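A.B. asks: One structure is given below, represented as structure tokens, and several questions about it will come after.
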Amino acid sequence: MTTSSPHTAAFSQIRRANAKRRACMMALLAACLLAGVALTLMLGQSYTSLINVVRILGGADIPGVSFTVRELRLPRAVVSVLVGACFGLGGIAFQTMLRNPLASPDIIGISTGASTGAVFAIVVLSLSGPAVSIIAIAAGLGVALLIYTLSWRQGVTGGRLILIGIGLAAMLQSITAYLLMRAPSWSLQEALRWITGSVNGAQLNQALPLLIALLLFGGLLLSRRRDLETLRMGDDLAAGLGVRLAATRIIVVITAVALVAFATAVSGPVAFVAFLSGPIAARLMGRNDSLLVPAALVGALLVLVGDYAGQFLLPARYPVGIVTGVLGAPYLVYLIIRDNKTRGTL
């Protein structure tokens, strides 16, 4: 008969404590998200009681209230949650795979590529509606492929990919600025939405493609979460533990880019949500397990709260991308300064 050593018992106790803390934090994040959705359905230019909100969602028709909740607030809340979850998942997937918090799709140009494609479709091709979204998705995937190809040199390193992505993002921003300069007045307003990021005018029919993308690509990412977490330990150790590096990276890149591209196709590039979601989730949860689901919840909260703040809590009305940009820019500067101090280079 064998008995467990004190070290084994202590280790098991620590693991149970970490698992309990993780479960509590996940429940707290989910509760905050649910409360946020409820508050955005209740509060705005007018107040609607929670009882009436529940009745309206159940199909009741309350004069003077049903239209506001069902047609204005509900689509905006649902699209905000789905967009934020897609950005959060895509961001943490890149950051984990490349072991660098700067390796976010909105920093390395993937979101910029999708928005540039959308502006090109609006200004040059005179397209609108779903056609613009399709071109935005294709452009985001194409830019990601170009960045990955240019970064390949007997493998892909995080620093090289980030620098190439930042350079391409600058080029794409210049192209977008040129397109906006020659845009006719009737398409300029629509094109600008693809620059700042906004859920203004959100419709419930936009939620279905987002939900499908989140379930399909998010589910695929979750199925590879153990391999993705193993990559954080370094390529040599991951390969020694049986992770197929090339296949895992390709799957992660395709799924993460698809999530970001679908979200950008609906809301435009909501600044820094993909960038911030992972670090916030890591601070809340610790790095003992996968951050995919926590980052998705944090991303959903960021977009939901940021959109509400931009609409009702500030002196003027601002799109959600402006609010999240104000939050994310100082953190980006902090990361760059910290990285330069510790390693002297990006």
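The values are calculated or read from the model by the stated rules, or taken from the named source; none is laboratory data. Quantities reported herein were computed from a predicted structural model and do not represent experimental measurements. Positions of Cβ are generated from backbone atoms using ideal geometry, with glycine treated the same way; all protein chains shown enter the neighbour counts. Ligands, DNA and RNA are stripped out before the accessible areas are found, and what is left, the full protein with its side chains, is counted by its heavy atoms. Shrake-Rupley method; radii C 1.70, N 1.55, O 1.52, S 1.80 Å.
A.B. asks: Between the range 244-268 and the range 62-88, how far is it from one alpha carbon centroid to the other, in angstrom?
C.D. replies: A separation of 25 Å, based on Cα centres.
A.B. asks: Between Leu245 and Ala17, how many nm apart are label points set 7 Å from Cα along the C-beta direction?
C.D. replies: A separation of 3.6 nm, rounded to one decimal place.
A.B. asks: What percentage of the solvent-accessible surface of the range 132-261, computed with a 1.4 Å probe over protein heavy atoms, is contributed by carbon and sulfur atoms?
C.D. replies: 66 percent
A.B. asks: Follow-up. In nm, what is the difference between 0.36 nm times the number of residues separating Ile337 and Asp289 and their Cα-Cα distance? Walk me through the intermediate numbers first.
C.D. replies: On the way: separation 48, 0.36 × 48 = 17.28 nm, distance 2.77 nm.
Between Ile337 and Asp289, full extension yields 14.5 nm more.
A.B. asks: Right, another one. At Gln173 and Ala316, where each label point lies 7 Å from the Cα along Cα→Cβ, what is the point-to-point distance in nanometres?
C.D. replies: 2.1 nm
A.B. asks: Give the accessible surface of the chain per residue, rounded to a whole number of Å², with probe radius 1.4 Å and ligands, DNA and RNA excluded.
C.D. replies: Accessible surface, normalised per residue, equals 50 Å².
A.B. asks: Show me the helices of the chain, taken as full DSSP H stretches, that run 15 Å or more along their long axis by Cα and average 1.6 or above in Kyte-Doolittle hydropathy.
C.D. replies: Within the chain the helices that satisfy the rule are 130-151, 207-223, 245-267, 292-308.
A.B. asks: If you take every residue apart from Val273 with its C-beta less than 13 Å away from the C-beta of Val273, what net charge results, scoring Lys and Arg +1 and Asp and Glu -1? Don't skip to the end; give the middle numbers.
C.D. replies: Working: positive: none; negative: Asp106, Asp307.
So the environment of Val273 carries a net charge of -2.
A.B. asks: Between Arg99 and Leu145, what length in nm is gained on full extension when 0.36 nm per residue of separation is reduced by their alpha carbon distance?
C.D. replies: Working: separation 46, 0.36 × 46 = 16.56 nm, distance 1.95 nm.
The span from Arg99 to Leu145 would gain 14.6 nm if fully extended.
A.B. asks: Around Gly321, what is the net charge, scoring Lys/Arg as +1 and Asp/Glu as -1 over all other residues with Cβ under 11 Å from its Cβ?
C.D. replies: Residues near Gly321 contribute -1 overall.
A.B. asks: Using the Cα centre of the chain as the reference point, and only Cβ charges (+1 on K/R, -1 on D/E), how large is the resulting charge dipole? Debye, rounded to the nearest 20.
C.D. replies: Computed about the Cα centre, the dipole is about 820 debye.
A.B. asks: Would you mind working out the magnitude of the charge dipole of the range 59-211 relative to its Cα centre, with +1 at each Lys and Arg C-beta and -1 at each Asp and Glu C-beta, to the nearest 20 Debye?
C.D. replies: The dipole magnitude comes to about 320 debye.
A.B. asks: Let me ask another. Quickly rank 125-138, 95-108 as a protection proxy: mean count of other C-beta atoms within 10 Å, highest first.
C.D. replies: Highest mean packing first, the order is 95-108, 125-138.
A.B. asks: Another question, if that's okay. Highest mean first, what order results for 144-153, 176-185, 301-310 on Cβ atoms within 10 Å? Don't skip to the answer; put the middle values down first.
C.D. replies: Values: 144-153: 16.4, 176-185: 13.0, 301-310: 24.8.
In decreasing order of mean packing, 144-153, 176-185, 301-310 become 301-310, 144-153, 176-185.
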